[in-house]
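Single-structure report; data block below.
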Amino acid sequence: MAQLVADFVLERLRAWGVHRLFGYPGDGINGFLGALSRAEGDPEHIQVRHEEMSAFMACGHAKFTGEIGVCLATSGPGAIHLLNGLYDAKLDRQPVLAIVGQQSRASLGSDYQQEVDLAVLFKDVSEYVQVCTTPEQARHLVDRAVRIALDARGVTTLIFPQDVQEQKAVEAPPREHGAVFSGIGYSRPRVLPRAEDLERAAAVLNEGRRVAMLVGQGSLGATREVIETAELLGAGVARALLGRAAVPDDLPFVTGSIGLLGTRPTYELMRDCDTLLVVGSSFPYSEWLPPEGQARGVQIDLDGRMLSLRYPMEVNLLGDAAETLRALLPLLRRKTDRSWQERIQQSVADWWRVIEERAHSPADPVNPQQVFWELNDFLPDDAILTGDSGSTTVWWARTLRLRQGMAASVSGTLATMGSAVPYAVAAKLAFPERPVIAFLGDGAFQMNGMNELLTIAKYRERWHDPRLVVCVFNNRDLNMVTWEQRVLAGDPKLPATQEIPDFPAARFAELAGLRGIRVDRPDDVAEAWREALASDRPSVLEAVVDPNVPPLPPHVSSEQAANLAEALIRGDPDRGDVLRRSFREKLAELLPGR
Ligand SMILES: Cc1ncc(C[n+]2csc(CCOP(=O)(O)OP(=O)(O)O)c2C)c(N)n1
Ligand SMILES: [Mg+2]
């Protein structure tokens, strides 16, 4: 049988190194389904429960492997379902290619069934979106879509009308006017600032006496360089959420996360520094950075558009984090006065004691912080950790102690619910020999996590190492938003919008053929982790936790405290427990080590 356009597209993707697609079928991509069967597993098709999950998986694949992630959906509804996951990739700057079907060319413009103007719909999320109108186009569309996604670190979309998918492929267009002859291959360039800019940056950093570093996603490949720089400069290192794994938590001068879900040492680091070095981060909340004028700034970023955006920098270095730091290091003088870094280290050591104490403060029935804290003793060396959006994100950012060699990600910039489980699936497929742990709230679990357990069940047999744990925090509440209402708006919790069904996640896991472990007593938490990580199959660890443990920011403004008081006075249904837990948290912080 002659090669069809869909066969050719898969072959071209293979040539680009794509061996896995995340997708869901429909007759709008019948041509691709036929081609997939002829492709005999290369690329393989991973079948999800909902197209949004395939886009999340493509994004997760890109995040954990550094390769392009590819998702495939049918016309109309299937394509529409992709969008949230694609926006996640766009906002976190990940290379993702979406391939979607469309009705046949002859029907377009006739209000045909499932006819949606996909080029318009995907325009905003995509760096590049094209309809393949004729077989001659397929070659350069694939080449450009992959190359642009990699180069722009963003989303590209190719739309294939059904009839075009099944036309005879044209590998090389005839050599005539209008024909395009594209090729394969992309190699990331070295991107380095000019020598004089590096010297200016070094001068600022050498003159500083209290240097704060903030590292983000762009620093993930620069761990060694970041640590060396911090050691030379006697600096403290804070990290934005997407830079979670950029610096290990067992270094004494790593202050941890920044922002609402950040730490007190980071808050102090930013409050007291005289110099700020930002490496590969677009952390958005300026109120957690030093006030303008307090610190001299140096920023390193691979994207010139992100320079001097959150803080006015004195020196802007457009470059790759590792390369640029390597070029900068020989120009830096080791600070002889170590008192600033010693102060930071003291604050970090005190803070970890606070975190440990908070983890063990009584709650009803289990303190969510304890679940994270106790995992620290069991975290396997090469673990991959995924997170979601909710109060669990706060503890994920703050309480886990990551060591070098681990990987971690969440939906950082879109901060959408629903990333944890599909990211975990993508990670496990890419690295079957590594343990993967997903953390999410019961809201996110009910939104999509529970459906995607079926995807885990479907593929689990292929994982020789079965360690894939989905840790669900059952607090019967959309807790993060409940707290935001209280602390930011001064409104009491509104049960009608906030309370969600008490759903037995562990029992559901068992129904799906996975291991289900439910823990509702503090004394059983450690054993639950041991069991989950030793299970012969992927598991769900359902922790029944207290929704009234406050995910407090590291610094509570007087306005926020007043809002909380107002919310409680105005009749918050949980005010008794909220008061008790809040009091304990604050008390624990004031009395470290007790
Ligand atoms: C798709 C989506 N919808 C809504 C939100 C707003 N939101 C952020 S956190 C949150 C609550 C999440 O609840 P749950 O998953 O139970 O976690 P919890 O906060 O209770 O730990 C909501 C509704 C969001 N970020 N993304
Ligand atoms: Mg919840």
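The values are calculated or read from the model by the stated rules, or taken from the named source; none is laboratory data. Since the model is a prediction, treat every value here as computed from it, not as a measurement. Because the Cβ atoms are built from the backbone with ideal geometry, glycine has one as well, and the counts that use them run over all protein chains shown. SASA here: full protein model, heavy atoms, side chains in, ligands and nucleic acids out. Shrake-Rupley method; radii C 1.70, N 1.55, O 1.52, S 1.80 Å.
Scan segment 277-298 and give yes if some residue there is in contact with a strand residue (DSSP E or B) (Cβ under 8 Å, 6 or more places away or on another chain) and part of a helix (DSSP H, G or I), otherwise no. No, there is no match, as no residue in segment 277-298 is in contact with a strand residue (DSSP E or B) (Cβ under 8 Å, 6 or more places away or on another chain) and part of a helix (DSSP H, G or I).
Each residue in segment 477-514 was checked for being crowded, with 20+ Cβ neighbours inside 10 Å, within 15 Å of ligand 2 (Cβ to nearest atom) and aliphatic (A, V, I, L, M), and 3 of them qualify. Just so you know, in segment 521-561 the residues that are modelled with pLDDT under 95 and among the small types (G, A, S) include one that is surrounded by the fewest Cβ atoms within 10 Å (Cβ to Cβ), and it is S558. The single condition among (1) out of contact with any Lys or Arg (no Cβ under 7 Å at 6 or more places or on another chain); (2) within 30 Å of T266 (Cβ to Cβ) that H464 does not meet is (2). Looking across segment 267-277, just one residue is under 23 Å from L318 (Cα atoms) and open to solvent by 10 Å² or more (accessible area, probe 1.4 Å), and that is D274. Taking segment 74-108 as the range and being closer than 30 Å to F283 by Cβ and basic (K, R) as the test, the residues that pass are K90, R93.
Please find, among R518, R581, the residue that is touching a helix residue (DSSP H, G or I) at 6+ places or on another chain (Cβ under 8 Å), of a type in the set (K, R) and open to solvent by 10 Å² or more (accessible area, probe 1.4 Å). Break it down into steps so the answer makes sense when it comes.
Details: R581 fails: touching a helix residue (DSSP H, G or I) at 6+ places or on another chain (Cβ under 8 Å).
That would be R518, the only listed residue that is touching a helix residue (DSSP H, G or I) at 6+ places or on another chain (Cβ under 8 Å), of a type in the set (K, R) and open to solvent by 10 Å² or more (accessible area, probe 1.4 Å).
Are any of the residues in segment 406-415 in contact with a Pro (Cβ under 9 Å, 6 or more places away or on another chain) and of a type in the set (V, I, T)?
yes
Selection over segment 201-223 of residues that are in contact (Cβ under 8 Å) with a residue 60 or more places away in the chain and either surrounded by fewer than 20 Cβ atoms within 10 Å (Cβ to Cβ) or part of a helix (DSSP H, G or I) (or both) gives a count of 12.
Within segment 535-562, which residues are in a loop (DSSP other than H, G, I, E, B), of a type in the set (S, T, N, Q) and under 21 Å from T482 (Cβ atoms)?
In the first step, residues of segment 535-562 are kept if they are in a loop (DSSP other than H, G, I, E, B); the result is 535-538, 546-557.
Those left that are additionally of a type in the set (S, T, N, Q): 535, 548, 557.
Across segment 535-562, the qualifying residues are N548, S557.
Close contacts from segment 536-549, counting a first residue that is farther than 16 Å from A505 by Cβ and a second that is part of a loop (DSSP other than H, G, I, E, B), with Cβ to Cβ under 6 Å and a gap of 6+ residues or different chains, come to D536/P466; D546/A363; D546/D364; N548/D574; V549/A363; V549/N367. The set of residues in segment 480-508 that are farther than 19 Å from D388 by Cα, of a type in the set (G, A, S) and in a helix (DSSP H, G or I) comprises A489, A496.
Checked against (1) in contact (Cβ under 8 Å) with a residue 60 or more places away in the chain; (2) assigned to a helix (DSSP H, G or I), L317 passes all but condition (2).
One residue is enough: does segment 253-265 have a residue meeting the conditions under 14 Å from E342 (Cα atoms) and of a type in the set (S, T, Y)? Yes, there is a match, as at least one residue in segment 253-265 is under 14 Å from E342 (Cα atoms) and of a type in the set (S, T, Y). Total residues in segment 237-264 satisfying the condition of being more than 18 Å from the chain's Cα centre (by Cα), open to solvent by 20 Å² or more (accessible area, probe 1.4 Å) and not basic (K, R): the figure is 3.
Being open to solvent by 30 Å² or more (accessible area, probe 1.4 Å) and more than 25 Å from F378 (Cα to Cα) is the filter; apply it to segment 451-476 and report the residue that is farthest from ligand 1 (Cβ to nearest atom). Per the stated criteria, the residue is K458.
Hey, among the residues in segment 320-357 that are part of a helix (DSSP H, G or I) and of a type in the set (S, T, Y), which one's least open to solvent (accessible area, probe 1.4 Å)?
Filtering segment 320-357 down to residues part of a helix (DSSP H, G or I) leaves 321-331, 339-357.
The next check asks that each one be of a type in the set (S, T, Y); those that pass are 324, 339, 347.
Numbers: T324: 0, S339: 62, S347: 24 Å².
Applying the filter and picking the extreme gives T324.
Apart from one condition, A526 fits all of (1) more than 17 Å from V366 (Cα to Cα); (2) in contact (Cβ under 8 Å) with a residue 40 or more places away in the chain; the exception is (1).
So, in segment 159-187, how many residues would count as being among the charged types (D, E, K, R) and under 23 Å from R38 (Cα atoms)?
Taking segment 159-187 first, the residues among the charged types (D, E, K, R) are 163, 166, 168, 171, 175-176.
From what is left, the residues that are under 23 Å from R38 (Cα atoms) are 163, 166, 168, 171.
Total satisfying the criteria: 4.
Mind checking which residues of segment 94-113 are of a type in the set (A, V, I, L, M, F, W, C) and out of contact with any Cys (no Cβ under 6 Å at 6 or more places or on another chain)? Can you show your working first?
Going through segment 94-113, the residues of a type in the set (A, V, I, L, M, F, W, C) turn out to be 96-100, 106, 108.
If the condition is that a residue be of a type in the set (A, V, I, L, M, F, W, C) and out of contact with any Cys (no Cβ under 6 Å at 6 or more places or on another chain), then L97, I99, V100, A106, L108 are the ones that fit.
Restricting V170, V215 to those that are under 24 Å from A15 (Cα atoms) and of a type outside the set (D, E) reduces the list to V170. For segment 25-47, does any single residue satisfy the condition of being at pLDDT 95 or above, open to solvent by 20 Å² or more (accessible area, probe 1.4 Å), part of a loop (DSSP other than H, G, I, E, B) and of a type in the set (K, R)? No - not one qualifying residue is present in segment 25-47.
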